[in-house]
Amino acid sequence: MLKILDRYILKRFIGTFFFSIALMLSIFIVFDLSEKLQDFVASHIPVNEIIFEHYLNFIPYYGNLFSPLFTFIAVILFTSKMAYKTEFVAILSSGTSFRRILRPYMIGAGLITVMSLILNHFIIPKSNKVRIAFEDRYINDGYNTEETSIYKQIAPGTILYLSDYNNHTNLATQMSIEKVANNRQVYMMKADNMKWDSLTGMWSVSNVFERELIYHDTKDSLDPEKTRIGFKEKHKFTPSKKIKIDFTPKDMARFESKIEVLPYFELKNYIIKEKQKGSSRIEFFEVEMYKRTAFPFATFILTIIGVSISSRKIRGGVGLHIALGLVLSCVYILFMHVSTTFATAGTGNGFLAQPMVAVWIPNIVFSFVAFFLYKRAQQ
């Protein structure tokens with residue numbers, strides 16, 4: 001059962017959190033609108049699309065992205081006021097321990113964490129799909145990759161090459177597929193172009209040349225006891241045909257479109273699939289998956305730090321508490337960015353190169369900071 005003290009702190013915690021997040025999101029929307037207003041008007045975008053496709057999906061994305069920071073600010077704001085009004089002195093003087101005071105804070109942090117986890121793994125990826133599609137359609141002038149000489153490993157030992165690719169028409173030119181087994185080429189196909197057929201879910205290729213190599217052992221003509229590897233070639237030319245490969249237009253979408261729009265189970269299956277292909281960008285997707293869990297749990301850590309810092313009445317008041325809080329938040333975010341960069345760039349050594357470790361290490365380090373400040377606050 002929640003007692004009067006728990007209800008009082010929890011009500012102020014949650015109320016301040018939603019107030020601060022609403023205030024900051026209002027500022028974000030104003031800046032975003034001022035930046036994109038010219039594009040909205042020039043593209044003659046309907047108002048209902050701007051509201052329901054862009055900003056309705058903009059709010060949960062950025063609100064959840066900065067929820068640990070907003071939690072931290074909320075804790076510091078109302079806890080500093082309580083300390084300034086000597087409410088903490090009265091609570092502690094009544095025999096209530098600092099540990100007991102933390103209970104409603106942890107309940108509030110738990111509610112925000114659960115909400116953030118659900119949003120991160122299941123709701124926001126779907127809303128991102130709508131938001132990113134809107135931006136690609138209107139703001140980015142319809143995204144089109146600028147990559148040339150594109151190589152994709154579409155299966156173990158199978159490499160797809162595209163001279164270039166057009167995202168608008170889903171057309172690739174000068175394509176080829178090469179299959180290798182035991183360090184030998186066993187199959188190769190070349191075509192002038194390759195176009196996606198959305199009705200069949202297959203690629204239509206034209207002017208197709210196929211080469212198949214069949215290897216066999218033959219006796220050496222000079223030494224019958226020795227064998228050498230021989231091969232036979234089969235060539236085939238086809239004006240046009242349809243092929244089904246583990247590659248779709250989604251694989252050429254904007255990288256953010258692939259990494260941010262997959263709900264938890266789809267992202268997990270995608271990672272398994274990419275590992276089977278031998279993809280070189282698995283770390284980006286693993287970091288995204290682990291970050292969706294690790295970042296919400298930072299809410300607990302930042303809440304403890306916030307309470308420990310702001311529960312004492314000090315010279316400088318709320319302003320100094322907020323300044324200290326913002327510095328610690330910036331250090332945490334920078335630490336998270338640096339550690340994940342080590343994993344995705346492949347520059348980490350040993351366990352630091354592991355995506356899970358890279359994502360969770362800021363939480364681990366700041367847990368010790370939180371424990372130190374908590375012990376100090378009890379004194």
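Bear in mind that the values in this text are calculations on the coordinates, not laboratory data. Here the structure is a predicted model, which is why all the values come from computation and not from measurement. Cβ placement follows ideal geometry from the backbone for every residue including glycine, while neighbour counts extend to all protein chains displayed.
Here are the numbers:
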read-out	value
Other-chain or far-sequence residues with amide H under 5 Å of residue 145's (modelled H)	167
Under 22 Å from residue 275, Cα to Cα: lysines that are on another chain or at least 8 residues apart	152, 179, 244, 250, 258, 291
Most mobile of 120, 183, 170 in a GNM of the chain (Cα contacts under 10 Å)	183
Length released on extending from residue 22 to residue 93, taking residue separation times 0.36 nm less the Cα-Cα span	22.0 nm
Tensor-based shape of the range 148-247 (alpha-carbon gyration tensor, a/c under 1.5 rounded, otherwise prolate or oblate)	prolate
Charge dipole (debye, nearest 20) of the range 51-209; +1 at Cβ of Lys and Arg, -1 at Cβ of Asp and Glu	940 debye
Two-decimal ratio, the chain, of alpha-carbon radius of gyration to 2.2 N^0.38 Å	1.36
Extension reserve of the residue 232-residue 43 stretch, reckoned as 0.36 nm per residue once the Cα distance is removed	62.2 nm
Gain upon complete extension [residue 198, residue 5; 0.36 nm per residue less C-alpha separation]	63.4 nm
Relative contact order computed over the range 148-247 (Cα-Cα under 8 Å; 6+ residues apart), in percent	20 percent
Selection from 166, 203, 299 lying farthest towards where the dipole of the chain points positive, charges on Cβ	299
Peptides 61-74, 241-254 ordered by average Cβ neighbours within 10 Å, highest first	61-74, 241-254
Tilt relative to the chain, helix 355-378 - C-alpha long axis, 0 to 90 degrees, to 10	10 degrees
Cβ charges +1 (Lys, Arg) and -1 (Asp, Glu), total dipole of the range 148-247, debye	180 debye
Per-residue HN-Hα couplings for the range 197-203 [Karplus 6.51, -1.76, 1.60; θ = phi - 60°; Hz; x = Gly/Pro]	10, 5, 6, 9, x, 10, 9
The chain - percent relative contact order, Cα under 8 Å, separation 6 or more	19 percent
Under Karplus coefficients 6.51, -1.76 and 1.60, residue-wise ³J(HN,Hα) of the range 165-171 in Hz, glycine/proline x	8, 10, 5, 6, 9, 6, 10
Packing rank of 335-341, 151-157, where each peptide gets the mean count of other beta carbons within 10 Å, highest leading	335-341, 151-157
Highest-MSF residue in the chain out of 303, 173, 148 [GNM, Cα springs under 10 Å]	148
Interchain or long-range residues, amide H under 5 Å from residue 231's placed H	216
Against the rule of thumb 2.2 N^0.38 Å, how large the Cα Rg of the range 92-178 comes out	2.10
The chain: most fluctuating residue of 91, 159, 301 per GNM, C-alpha cutoff 10 Å	91
For the chain, size of Cβ-based charge dipole, Lys and Arg +1, Asp and Glu -1, in debye	1740 debye
Positive-end residue of 239, 364, 40, charge dipole of the chain with Cβ unit charges	364
Structure-based [θ]222 nm, the chain - -39500 (n - 2.57) summed over DSSP H runs of at least 4, per residue, nearest 500	-18500 deg cm²/dmol
Positive-end extreme of charge dipole, the chain - chosen from 339, 139, 175 (charges on Cβ)	339
Residue-by-residue Karplus 3J(HN,Hα) for the range 10-20, coefficients 6.51, -1.76, 1.60, Hz, glycine and proline x	5, 5, 5, 4, 5, x, 5, 4, 5, 5, 5
